[in-house]
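Inspection log for the structure reproduced underneath, given as structure tokens.
The values are calculated or read from the model by the stated rules, or taken from the named source; none is laboratory data. This structure is a prediction, so every number in the text was calculated from the model and none was measured. Here the Cβ is made from the backbone with ideal geometry for all residues, glycine too, and neighbour counts use every protein chain on show. Only protein heavy atoms, including side chains, enter the accessible area calculation; ligands, DNA and RNA are left aside. Shrake-Rupley method; radii C 1.70, N 1.55, O 1.52, S 1.80 Å.
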Amino acid sequence: MSFDVAAIRAEFPILSQTVDGKPLVYLDNGATTQKPQVVIDSLVDFYTQCNANVHRGAHQLSDEATRRYENARDQVARFINAANRNEVIWTSGTTEGINLVAKGLAQQLEAGDEVVVTEMEHHANLVTWQQACLQSGATLRVAPIFDNGELDLETFRAYLGPNTRMVAFPHVSNALGTVNPVKELTAMAKAYGALVLVDGAQGIAHGDVDVQALGCDFYAFSGHKVFGPTGIGVLWGKQAVLENWPVWLTGGEMIADVTYQNATWGALPNRLEAGTPNIAGAIGLGRALEWFSQLDVAAVQAHEKALIDSAMTQAADIQGMRLIGTAQNKIGILSFVMDSAHPADIGFILDRQGIAIRTGDNCAQPLMHRLGINGTARASFSLYNTLDEVSAFFAGLRKAQTMLG
Amino acid sequence: MQLPSSQEIIEDLEFFDDWEQKYQYIIDLGKALPRLDDAQKTPERLVKGCQSSVWLVISMDGDKIHFEVDSDAVIVHGLLALVMAAYNDKTPAEITAFDIDEYFEALDLERHITPTRGNGLRAIVGKIQHLAAQHGG
Ligand SMILES: Cc1ncc(COP(=O)(O)O)c(C=O)c1O
């Protein structure tokens with residue numbers, strides 16, 4: 001199989017839009033990806049053909065809704081190579097997945113226990129653990145990065161020990177683009193019997209996540225960052241771990257037997273999925289992953305590498321541009337600051353040229369402080385971006401430099 | 001360059017037909033608007049947006065309210081100049097009577113002043129209006 005970016009673009013209706021008369025150049029994929037027509041259709045089809053609540057109706061619509069919804073769970077399980085479909089827990093997104101784990105663990109942590117995260121965390125994977133530690137008296141240890149945005153593996157290893165209960169880190173950093181060596185980090189944590197959670201928000205859209213091969217206990221991601229709808233995500237966890245995981249949300253769907261004074265929990269996956277789920281979202285996400293898995297992963301990765309390589313090369317020619325995050329193993333993300341212009345100014349002027357990027361602290365304030373900056377401008381690429389768009393971005397950037405200089 | 005009045009700004013901006021000229025004008029307005037000393041940029045004067053930050057210093061000058069502002073971004077500083085042209089050294093009653101939404105619309109810049117933009121401009125406008133109301137405007 002090969003990779004035809006023009007054909008792929010044609011599947012994303014939004015990409016043919018213009019902004020102020022200029023073709024949209026969408027380089028904010030780290031924030032959210034666009035949706036192919038098949039995903040949009042799956043949402044419309046659900047609401048037009050079989051909208052009903054799942055697992056409860058004694059009627060045909062509900063049966064059909066349940067079938068599509070549970071089929072989506074199978075699609076996710078296949079995509080991430082889960083050992084078992086019951087390991088796929090629907091959430092509203094990465095944030096909720098991490099919270100489900102952290103709120104549960106907080107009930108068990110005590111003083112003397114340690115949780116290890118890294119300096120490159122998104123707030124979702126930092127504040128959550130920080131608060132779990134504050135509540136329980138456990139200690140949060142923050143493993144340092146080098147100035148280029150790579151994790152300092154030796155220090156990371158040194159931070160682990162017999163008191164380490166949980167190790168949480170991103171697959172790919174949203175601010176720096178660093179790809180972490182997930183298997184290696186997981187093996188280090190497992191040497192001490194710690195649980196491992198991988199924040200997969202940015203990792204999921206770049207190809208071949210195989211949760212069994214990674215060896216972690218939890219992998220959390222958001223549908224909207226992998227061509228699916230917003231408001232739906234997945235927490236994958238090993239069955240043996242999830243089966244006894246303390247429940248965080250209680251209510252309908254997740255119970256077995258209820259009396260006025262007591263309740264027992266149902267089996268996986270329902271015990272961790274209280275309330276009516278985002279049914280349409282789940283179906284849309286299943287469709288998105290099915291769509292994605294039909295592509296040639298190696299070709300997708302080669303294309304994305306060509307995009308970031310081209311961006312890095314062109315960046316070297318821009319005076320006063322400093323890249324934030326230059327790890328050896330880097331994907332999809334070009335964060336930078338300019339000597340002569342604030343990120344917000346750059347964002348304004350690119351926006352007027354139809355070029356969408358992110359500016360600001362990247363939801364990682366402590367990381368920005370660690371790097372001695374307030375924020376960055378960030379262009380982030382997806383498989384449907386083209387080399388021409390990378391060049392258009394740099395042309396736009398030069399114009400911003402001229403205007404702001 | 002002396003800071004023009006809000007009416008002059010509307011007329012100036014109407015004159016330009018492409019966005020580059022408009023933005024250059026706003027950048028230049030920002031350059032004409034004095035900045036604060038670092039010592040004046042205290043946390044209580046900071047209006048934090050998620051993309052850029054602005055500072056607002058308030059003093060009374062007779063029955064008029066005097067503002068000094070700053071931003072860490074050039075274009076935001078220029079947008080602040082637009083706000084200052086409307087509000088600075090005016091009485092609370094004049095501030096309250098001024099239709100800021102109509103003004104932004106006339107400037108054809110509403111897109112940048114929406115609350116979602118996160119650049120702190122909306123928050124500054126809200127603060128100024130609130131202050132004027134407190135002073136009987
Ligand atoms: C690395 C990382 N973690 C977590 C999140 C949170 O994802 P969501 O807001 O979809 O829950 C994001 C999204 O911005 C992210 O990039």
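Compute the convex hull volume of the Cα atoms of chain B, divide it by the residue count, and report the result per residue in Å³ as a whole number.
Values: hull volume 14.4 nm³, N = 137.
Considering the Cα atoms of chain B, their hull volume per residue is 105 Å³.
Beta-bridge orientation, chain A: approximately 60 percent antiparallel, per DSSP, counting only bridges with both partners inside. Each Lys and Arg Cβ is given +1 and each Asp and Glu Cβ -1; about its Cα centre, the stretch A:146-264 then shows a dipole of about 120 debye. A 1.4 Å probe, protein heavy atoms only, puts the accessible area of residue A:279 near 20 Å². Applying the Karplus relation 6.51 cos²θ - 1.76 cosθ + 1.60 with θ = phi - 60° to the stretch A:17-27 yields 3J(HN,Hα) values of 5, 10, 10, 6, x, 10, x, 5, 10, 8, 10 Hz, where x marks Gly and Pro. Rounded to the nearest 10 square angstrom, residue A:11 shows an accessible area of 70 square angstrom against a 1.4 Å probe. Bridging of residue B:127 to lysines at a Cα separation below 27 Å is possible for B:22, B:31, B:41, B:48, B:64, B:90, once same-chain residues fewer than 8 apart are set aside.
For the stretch B:11-114, what relative contact order do you get, as a whole percent, if you take Cα pairs closer than 8 Å and at least 6 residues apart? Once normalised by length, the contact order is 25 percent. Please compute the net charge surrounding residue A:138, taking Lys and Arg as +1 and Asp and Glu as -1 over other residues with Cβ under 13 Å from its Cβ. That sum, taken over residues with Cβ under 13 Å, equals -1. Less than 5 angstrom separates the built amide H of residue A:318 from none of the residues sequence-distant by 5 or more or on a different chain.
Contact order for the stretch A:246-324, expressed relative to its length and based on alpha carbon pairs under 8 Å spaced 6+ residues apart, stands at 20 percent.
Using only Cα atoms, locate the centre of the stretch A:353-405 and the centre of the stretch A:241-289, then give the distance between them in Å, rounded to an integer. Using only Cα atoms, the two centres lie 40 Å from each other.
Phi angles of the stretch A:160-167 translate, via the Karplus equation with coefficients 6.51, -1.76, 1.60 and θ = phi - 60°, into HN-Hα couplings of 7, x, x, 8, 6, 9, 9, 10 Hz per residue; Gly and Pro are given as x. Cα centroid separation, the stretch A:112-147 to the stretch B:60-80: 40 Å.
Accessible-area loss of 40 Å² or more (1.4 Å probe, protein heavy atoms, chain alone versus all protein chains) is found in the stretch B:49-69 for B:51. Ellipticity at 222 nm from helices only: DSSP H runs of n ≥ 4 in chain A, each -39500 (n - 2.57), divided by the residue count, give -12000 deg cm²/dmol. A straight Cα-to-Cα reach below 22 Å connects residue A:103 with the lysines A:190, A:238, residues fewer than 8 places away in its own chain not being considered. Protein-only accessible surface at a 1.4 angstrom probe places the residues A:122, A:369, A:206 in the order A:369, A:122, A:206, largest first.
Interface size, chains A and B: roughly 1700 Å² of accessible area buried, both sides included, 1.4 Å probe, rounded to the nearest 100.
Could you tell me what percent of the accessible area of the stretch A:115-216 is made up of carbon and sulfur, with a 1.4 Å probe and every protein chain present? For the stretch A:115-216, the apolar C and S fraction of the accessible surface comes to 51 percent.
Largest mean-square fluctuation among B:30, B:78, B:126, in a Gaussian network model of chain B whose springs join Cα atoms under 10 Å apart, belongs to B:126.
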